[in-house]
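The values are calculated or read from the model by the stated rules, or taken from the named source; none is laboratory data. Every value quoted in this text rests on a predicted model; they were computed, and no experiment measured them. Cβ placement follows ideal geometry from the backbone for every residue including glycine, while neighbour counts extend to all protein chains displayed.
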């Protein structure tokens with residue numbers, strides 16, 4: 001029986017109370033059987049019968065109130081599958097390269113897996129979201145100079161951590177994570193991205209320098225290959241940016257200094273100074289310290305490949321619960337993020353049968369050998385927080401069938417539910433088979449909690465909101481707020497985050513859009529110029545408002 005107990009209990013109690021009240025009225029009208037119905041518990045068999053009827057009718061009421069969730073889940077799984085997936089725990093990880101094991105710049109690829117210490121006996125596995133260019137360098141100093149008679153400037157000093165010089169290293173880019181608290185980090189982000197006059201690469205010994213334009217400073221975290229959440233190719237990337245902003249805003253606090261290869265004429269030895277003068281003076285109380293910036297950082301997300309327990313196919317059910325293999329760990333330590341592949345096995349046969357998803361764009365001609373597809377359903381977890389996943393097998397006309405295979409094997413992508421949110425700073429430091437041998441690592445931020453997808457009531461309205469989305473529908477600030485609220489999952493579970501994000505949305509004062517034409521590579525291109533008015537009082541500061549506006553700018557541009 002697939003019943004979300006928290007929601008279902010209300011329906012069950014209401015139906016049971018109604019049956020008992022009706023029983024008393026019936027008993028008053030028929031005195032001959034009053035002894036069986038008028039007093040609660042007078043006949044245990046009647047009590048069990050009433051409870052059973054209340055259980056079944058409560059389930060029917062719940063499905064009616066949910067407006068046939070199977071239909072809307074099917075449409076969402078085809079058009080916006082990300083909306084039916086939990087948001088896994090995230091954090092920021094820093095690698096610490098061992099200089100004596102590096103002979104230059106080595107890239108630690110995105111998708112590298114790392115593990116935490118065990119939590120209740122289960123280690124949490126994460127994968128990295130960004131490529132990290134590890135090099136034998138360290139951050140020696142970072143400071144904000146505020147002279148009275150000249151431009152304020154940010155000064156960053158890098159030093160080599162091994163025997164190599166900068167001239168030998170062929171360093172092209174340095175990525176920095178703005179590791180301060182939100183107000184200071186966002187303010188520094190604002191000044192680097194908006195008020196930088198230029199970038200100077202200096203040799204501290206000779207004071208010789210090379211000047212780079214301001215656009216040598218670039219924001220990190222917006223590219224598709226820097227996504228934290230794995231969206232399907234046909235999903236709109238703008239939604240991903242919104243969802244990542246509301247669940248892991250720290251991923252946008254990354255800055256790239258590019259064009260460092262142009263410092264080669266300086267013949268640098270063991271030190272490189274990066275100076276950024278600003279066209280606007282920061283507040284006198286604003287400070288930047290060495291710990292405000294971190295090298296070799298990347299967001300991490302609690303996602304990993306996993307196998308489900310085998311499913312024995314029989315003729316008694318149309319839906320089968322998909323259970324991640326636990327290897328002896330408690331089952332509530334795992335939650336399914338996505339079903340990646342469904343394979344059928346027959347005892348004594350080497351051949352395998354693939355069962356593709358029913359609701360997919362490659363549906364036509366994409367069925368398995370037997371013309372059978374699989375489809376999934378999500379329900380709020382019966383035990384604990386999270387979601388439970390069920391799979392069924394259907395024909396092309398959406399009728400339930402029994403596959404000819406005896407055992408079903410399912411490849412999954414999983415999370416550790418809320419287990420990872422119990423980790424502290426420094427707890428993610430256990431190597432895996434894909435971790436680099438030349439670098440240690442640890443998480444430098446707390447791990448966020450996992451968020452359940454908003455199933456149940458209101459799913460059909462969210463579907464309609466997505467179906468109606470286009471550039472014209474977003475030409476009012478009310479419509480923009482409505483779309484942003486769809487991806488503010490945190491508001492459901494965290495009251496403090498809900499208040500902060502509600503303030504942000506209320507800080508969107510007015511939106512104005514007008515058609516424009518621009519020449520792009522010699523050809524006229526039509527588009528929209530969007531002017532968004534925001535109220536700084538609704539944000540943690542001007543920098544916080546600027547980061548939010550930067551994400552919205554990318555959302556509109558995609």
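In contact with a strand residue (DSSP E or B) (Cβ under 9 Å, 6 or more places away or on another chain) and within 30 Å of residue 280 (Cα to Cα): which single residue out of 140, 135 fits that description?
Details: 135 fails: within 30 Å of residue 280 (Cα to Cα).
Selected residue: 140, the only one of 140, 135 that is in contact with a strand residue (DSSP E or B) (Cβ under 9 Å, 6 or more places away or on another chain) and within 30 Å of residue 280 (Cα to Cα).
Rundown of residues vs (1) in contact with a helix residue (DSSP H, G or I) (Cβ under 6 Å, 6 or more places away or on another chain); (2) at positive phi, yes/no style:
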| site | (1), (2) |
| --- | --- |
| 478 | no, no |
| 483 | no, no |
| 489 | no, no |
| 494 | no, no |
| 499 | no, no |
| 505 | yes, no |
| 511 | yes, no |
| 515 | no, no |
| 521 | no, yes |
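Name, by its number, the condition in (1) over 20 Å from residue 138 (Cβ atoms); (2) assigned to a loop (DSSP other than H, G, I, E, B); (3) in contact with a strand residue (DSSP E or B) (Cβ under 7 Å, 6 or more places away or on another chain) that does not hold for residue 305.
Result: residue 305 fails condition (2) only.
Among the residues of the range 47-69, is there at least one that is part of a helix (DSSP H, G or I), under 30 Å from residue 228 (Cβ atoms), outside the structural domain of residue 387 (by TED's automatic domain parsing) and modelled with pLDDT of 65 or more?
No, because not a single residue in the range 47-69 is part of a helix (DSSP H, G or I), under 30 Å from residue 228 (Cβ atoms), outside the structural domain of residue 387 (by TED's automatic domain parsing) and modelled with pLDDT of 65 or more.
Just give me the residues in the range 178-199 being crowded, with 17+ Cβ neighbours inside 10 Å and touching a strand residue (DSSP E or B) at 6+ places or on another chain (Cβ under 7 Å), in sequence order.
In the first step, residues of the range 178-199 are kept if they are crowded, with 17+ Cβ neighbours inside 10 Å; the result is 178-180, 182, 184-193, 195-196, 199.
178, 179, 185, 188, 189, 191, 192, 193, 195, 196, 199 - these are the residues of the range 178-199 that are crowded, with 17+ Cβ neighbours inside 10 Å and touching a strand residue (DSSP E or B) at 6+ places or on another chain (Cβ under 7 Å).
If residue 148 satisfies all but one of (1) closer than 22 Å to residue 111 by Cα; (2) out of contact with any helix residue (DSSP H, G or I) (no Cβ under 9 Å at 6 or more places or on another chain), what's the number of the condition it fails?
Failing condition for residue 148: (1).
How about the range 90-119: which of its residues are out of contact with any strand residue (DSSP E or B) (no Cβ under 6 Å at 6 or more places or on another chain) and modelled with pLDDT of 95 or more? Working first, answer last.
Taking the range 90-119 first, the residues out of contact with any strand residue (DSSP E or B) (no Cβ under 6 Å at 6 or more places or on another chain) are 98-104, 109, 117-119.
Selection gives 109, 117, 118, 119.
Just checking, does the range 190-212 include any residue being outside the structural domain of residue 481 (by TED's automatic domain parsing) and closer than 30 Å to residue 303 by Cβ? Steps first, please.
Residues of the range 190-212 outside the structural domain of residue 481 (by TED's automatic domain parsing): 190-212.
Then keep just the ones that are closer than 30 Å to residue 303 by Cβ; that gives 193.
Yes, the range 190-212 has at least one match.
Looking at this structure, is residue 530 free of Cβ contacts under 8 Å to residues at least 24 places away in the same chain, over 24 Å from residue 227 (Cα atoms) and surrounded by 14 or more Cβ atoms within 10 Å (Cβ to Cβ)? Full working, then the answer.
Working: free of Cβ contacts under 8 Å to residues at least 24 places away in the same chain: no; over 24 Å from residue 227 (Cα atoms): yes; surrounded by 14 or more Cβ atoms within 10 Å (Cβ to Cβ): yes.
In short, no.
What are the residue pairs meeting all of these: first residue in the range 393-404, first residue on the phi > 0 side of the Ramachandran plot, second residue assigned to a loop (DSSP other than H, G, I, E, B), Cβ atoms under 8 Å, and 6 or more apart or on different chains?
Hits for this filter: 398/358.
Anything in the range 241-261 that is closer than 20 Å to residue 217 by Cα, touching a helix residue (DSSP H, G or I) at 6+ places or on another chain (Cβ under 9 Å) and assigned to a helix (DSSP H, G or I)? List them, or say none.
Scanning the range 241-261 gives 249, 250, 251, 252, 260.
Inside the range 215-233, can you point out the residues that are assigned to a loop (DSSP other than H, G, I, E, B), touching a helix residue (DSSP H, G or I) at 6+ places or on another chain (Cβ under 8 Å) and surrounded by fewer than 17 Cβ atoms within 10 Å (Cβ to Cβ)?
Residues of the range 215-233 assigned to a loop (DSSP other than H, G, I, E, B): 220-223, 227-233.
Narrowing further to those that are touching a helix residue (DSSP H, G or I) at 6+ places or on another chain (Cβ under 8 Å): 220-222, 227-229, 231-232.
232 - this is the single residue of the range 215-233 that is assigned to a loop (DSSP other than H, G, I, E, B), touching a helix residue (DSSP H, G or I) at 6+ places or on another chain (Cβ under 8 Å) and surrounded by fewer than 17 Cβ atoms within 10 Å (Cβ to Cβ).
Looking for something touching a strand residue (DSSP E or B) at 6+ places or on another chain (Cβ under 9 Å), at pLDDT below 95 and surrounded by 15 or more Cβ atoms within 10 Å (Cβ to Cβ) - is there at least one such residue anywhere in the range 148-156?
yes
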